[in-house]
Amino acid sequence: MKRGFYTIMAAQFFSSLADNALFVAAVELLKTSGGAEWQRAALVPMFALFYVILAPFVGAFADARPKGQVMFLSNGVKVLGCLMMLFGSHPLLAYAVVGLGAAAYSPAKYGILTELLPASQLVKANGWIEGLTIASIILGVLVGGQLVGPHVSGLLLRVDLPLIDTGIDTPAQAAIAVLIGFYALAAWFNTRIPRTGVAMRPMPQRSLMLLPDFWRCNLLLWRDKLGQISLATTTLFWGVSGNLRYIVLAWAAAALGYGTTQASALVGVVAIGTAVGAVAASLRCRLEMAPRVMPLGILMGVLVIAMNFITNVWVAVPFLIVLGGLGGFMVVPMNALLQHRGHNLMGAGRSIAVQNFNEQAAILGMGALYSLFTGLGLSAFGAITGFGLVVAGNMWLIYRWHARNLREHPEEVARLMAMARCDKLHG
């Protein structure tokens, strides 16, 4: 890997770690301030909101500026969201602002991979970035859980600045203040990211002109015989896994009687499995092998439903590792294939924005539905059953969709597979 790749990885790691620790802190902030259960569940779709609203614009913005600069500015927006949460704004509104920063950050962090690396290294690069992202999820939820726990928060709240009233009086607020430092560290790494030499694509003078361009890019990926399969798979995976992060917290409370600190450790257990699966995929899978992993998605959906029958933590831990491993092994090659097709069809930033739009729309829709059902009294066990059925059923449909493409468009699929095998055809 080129030297600049590891700088990108470091920046992504610390920014993602702070995002995930902040989620735990926001859950605790809502809980201690008397926020309803549906508000805690709504944190996930609120984070996804700007991914969907700004999708036509953030991809073009990422392609118009050096991507390290875009990542630096996006981290600044995340810090603004932290400050809002710290000094009185409603946690849902403040977390949506953090999501705004993440929405602008994502096309740059993934788009720069296709500018920096050839097609043959994309699966390995995605294994790295997904593995480190998942490691940041593990550490993030653990750090967040410890920061709001009584021991660490007690130490933080005893820190006092002479003659300055910070207004930081609760464990959740102390945790958020610490996390601003992680965002600052990520921003420093952003300043060290090298330029790739790829020509910038200027933003149009009238921003609304991006709407038809974004719609055209969206249609290009959904009509591409490999792009549509990888986009459908990653959209479904992230729609479910994005909400599963909160559902595991709720399930741990209902099935095991865990509080926020203990339950956040189980979210980290799922992430450990996903990291192992991501690394295994990066070592064993080539880009053209991506469609072969789809049956793992069906199995993953069945295992999600099986969570309802687990009441012992010693069974839960290895089970959640296996569940996460299946997801990691499936999503890494599919994500790489989608990036490859998007880079060839429309450019890195725009393709990642299209991907984010579809994936975050799925998170937003499923999260809103879960929040609604929670408000109406649906238990965590019912939500897990529903999510498992959605994964298994839809992955079977996507698998059949690809089989039909192989039957009805064999020459087109073969041509696209040949492009995936050749670095010189990577755009």
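If each residue of separation counts as 0.36 nm, what is the full-extension length gain between residue 397 and residue 254 once their alpha-carbon separation is subtracted?
Extra length from residue 397 to residue 254 when fully extended: 48.3 nm.
For the stretch 219-284 and the stretch 93-120, write down the distance between their C-alpha centroids in whole Å.
Here the two parts' Cα centres lie 18 Å apart.
Of the chain, which part is the longest with no trypsin sites (Lys or Arg not before Pro) in a loop (DSSP not H, G, I, E, B) and with at most 11 other C-beta atoms within 10 angstrom? Display every interim value, and only then the final one.
Values: sites that count: 158, 206.
Here the longest run is 207-427.
Need the full-extension length gain, residue 73 to residue 411, defined as separation in residues times 0.36 nm minus the C-alpha distance. One decimal, nm.
Length difference between fully extended and current span is 117.3 nm.
Which three extents, in whole angstrom, do the alpha-carbon atoms of the chain cover along their principal axes, largest first?
Projected onto the principal axes, the Cα atoms of the chain cover 67, 50, 38 Å.
Which whole-Hz couplings ³J(HN,Hα) result when phi for each residue of the stretch 48-63 is put into the Karplus expression 6.51 cos²θ - 1.76 cosθ + 1.60, θ = phi - 60°, listed in order with x for Gly and Pro?
Working through the residues one at a time gives 7, 4, 6, 4, 7, 5, 9, 3, x, 9, 5, x, 5, 5, 5, 7 Hz.
Among 139, 156, 226, which one moves the most in a GNM of the chain with springs linking Cα atoms closer than 10 Å?
156
State, to one decimal in nm, how far the label point of residue 206 lies from the label point of residue 192, with both points 7 Å from Cα in the Cβ direction.
4.5
From the backbone phi of the stretch 91-100, what are the Karplus-calculated ³J(HN,Hα) couplings (6.51 cos²θ - 1.76 cosθ + 1.60, θ = phi - 60°) in whole Hz, Gly and Pro given as x?
Listing the rounded values in order: x, 5, 5, 5, 5, 5, 5, 4, x, 4 Hz.
Where does the stretch 324-380 land on Rg(C-alpha)/(2.2 N^0.38 Å)?
Against the compact-globule rule of thumb, the ratio is 1.52.
Suppose R0 equals 22 Å; then what is the FRET efficiency for residue 421 and residue 292 from their Cβ-Cβ distance, rounded to the nearest 0.05?
0.95
Springs between alpha-carbon atoms under 10 Å, Gaussian network over the chain: tell me which of 11, 172, 184 tops the mean-square fluctuations.
184
Work out the FRET efficiency for residue 83 and residue 361 from their Cβ-Cβ distance, taking R0 = 30 Å, and round it to the nearest 0.05.
The computed FRET efficiency comes out at 0.60.
Any idea what Rg and Dmax come out to for the stretch 65-122 if you just take the C-alpha atoms, in Å?
14.4, 49
Say we join alpha carbon atoms closer than 10 Å with springs in a Gaussian network model of the chain; which of 359, 115, 411 then has the biggest fluctuation?
Comparing 359, 115, 411 in a Gaussian network model of the chain, the most mobile one is 411.
Would you kindly derive the ³J(HN,Hα) couplings of the stretch 248-257 from the backbone phi angles with the Karplus curve 6.51 cos²θ - 1.76 cosθ + 1.60 (θ = phi - 60°), listing them in order in whole Hz, with x for Gly and Pro?
5, 4, 5, 5, 4, 5, 6, 8, 10, x
Here, each number is a calculation from the coordinates, and none is a lab measurement. Keep in mind that what you see is a predicted model, and the values were worked out from it rather than measured. In this analysis, Cβ positions are derived from the backbone assuming ideal geometry, glycine residues included, and neighbour counts consider all displayed protein chains.
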